[in-house]
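The values are calculated or read from the model by the stated rules, or taken from the named source; none is laboratory data. Since the model is a prediction, treat every value here as computed from it, not as a measurement. Glycine also receives a Cβ, built like all others from the backbone with ideal geometry; neighbour counts cover every protein chain displayed.
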Amino acid sequence: MIKIAYTSIYQHPLPDGPNGAPHRFPMAKYELIPQQLLYEGSAKPENFFAPAEIEERWILNTHTAGYWEDLKNLRISAKMVRKIGFPLSERLVRREKIITQGTIDCCHFAMETGVALNVAGGTHHAFPDRGEGFCLLNDVGIASNYLLENGLAKKILIIDLDVHQGNGTAVIFRAEPRVFTFSMHGRENYPLHKEQSDLDIELPTGCADEVYLGKLHATLPQLLSAQRPDFLFFIAGVDVLESDKLGKLSVTRSGCRQRDQFVFEQARQRSLPIVVTMGGGYSTRLADIVEAHCNTFRVAEQLWG
């Protein structure tokens, strides 16, 4: 049975933006994705599990002690709070700890069934010593180091297909040959300063399905053959959609679903466990975000369920 990490703390209350507009981060998606999957029968209540809070030692395997102490004691600078984009609170930090443990728990489930998914996560803009871009703790970074330290994986491939470069993840694993970071992202998108992943593919503004999928099809199988990983993480951001306010690409919802299916099929063909985190999505219509994310779960259910 496919397992999905989710608990109600994932949906965190945020203040309105200027002139009473909703906050630009679509926090409601975390509640709506499970609701939609249950409503349509793509998932059952027993597919879902509620993670606990992660132990601090696993955070400190990836993040600096100074940053973590400042974060948990709510004393990070106002400048960093602005870069993160969320008002800092005890509940927000607890939420991040639970989401990160969800990604670790998914690793164990994926080793049993082939795949596991976290309704949140993919917080790839969190660096060892700071957060930014709606990211406080780098859940995939922490989970990767957890696998390595516990001898559960020898070579990890992080497939980051969020429209924004996984800059924090690139820095975390810059000197770690056992983790290969692959980021395919918009060239003219946030972050303005790109870090160096093990492999970066930069996409031009307006890139549509044919070019987008063509680059992925030409790259991923070769990468899997060359790197021979024994564990995969997939950051399945849906901010590649043409409807996305921040994405600058022109991928259709069908193209995004084909992307997910291709990644999953590559994992299945090689019997590689894969953990999926949702990453970003900022379409004007919340329904477009939820539907694209739900497609990721639907494809996983079709292939493994």
Checking residue 149 against (1) in contact (Cβ under 8 Å) with a residue 40 or more places away in the chain; (2) under 21 Å from the mean Cα position of the chain (by Cα), the condition it does not meet: (2)
Residue, surrounded by the most Cβ atoms within 10 Å (Cβ to Cβ), within region 49-99, restricted to residues that are acidic (Asp, Glu) and assigned to a loop (DSSP other than H, G, I, E, B): 53
Close pairs from region 158-176: first in contact (Cβ under 8 Å) with a residue 40 or more places away in the chain and hydroxyl-bearing (Ser, Thr, Tyr), partner part of a loop (DSSP other than H, G, I, E, B) and crowded, with 24+ Cβ neighbours inside 10 Å, Cβ under 7 Å, at least 6 apart: 169/124; 169/138
Cβ-Cβ under 8 Å pairs, at least 6 apart or on other chains, region 74-97 side closer than 25 Å to residue 118 by Cα, far side among the aromatic types (Phe, Trp, Tyr) and part of a helix (DSSP H, G or I): 95/10
Residue in region 113-133 that is assigned to a loop (DSSP other than H, G, I, E, B), within 17 Å of the chain's Cα centre (by Cα), among the aliphatic types (A, V, I, L, M) and within 12 Å of residue 276 (Cα to Cα) present: yes
Count - residues of region 17-31 that are part of a helix (DSSP H, G or I) and either small (Gly, Ala, Ser) or modelled with pLDDT of 80 or more (or both): 4
Checking residue 109 against (1) touching a strand residue (DSSP E or B) at 6+ places or on another chain (Cβ under 8 Å); (2) surrounded by fewer than 16 Cβ atoms within 10 Å (Cβ to Cβ), the condition it does not meet: (2)
Enumeration of residues in region 1-27 that are in contact (Cβ under 8 Å) with a residue 12 or more places away in the chain and surrounded by fewer than 15 Cβ atoms within 10 Å (Cβ to Cβ): 1, 8, 13, 15, 24
Residues of region 283-298 classified as in a loop (DSSP other than H, G, I, E, B) and either surrounded by 20 or more Cβ atoms within 10 Å (Cβ to Cβ) or among the aliphatic types (A, V, I, L, M) (or both), total: 0
Test: residue in region 240-262 that is surrounded by fewer than 17 Cβ atoms within 10 Å (Cβ to Cβ) and either among the hydrophobic types (A, V, I, L, M, F, W, C) or touching a His at 6+ places or on another chain (Cβ under 7 Å) (or both): yes
Checking residue 38 against (1) at pLDDT 95 or above; (2) in contact with a Phe, Trp or Tyr (Cβ under 9 Å, 6 or more places away or on another chain); (3) loosely packed, with under 15 Cβ neighbours inside 10 Å; (4) outside any helix (DSSP H, G or I), the condition it does not meet: (4)
Filter pass, residue 140 being β-branched (Val, Ile, Thr) and free of Cβ contacts under 8 Å to residues at least 60 places away in the same chain: no
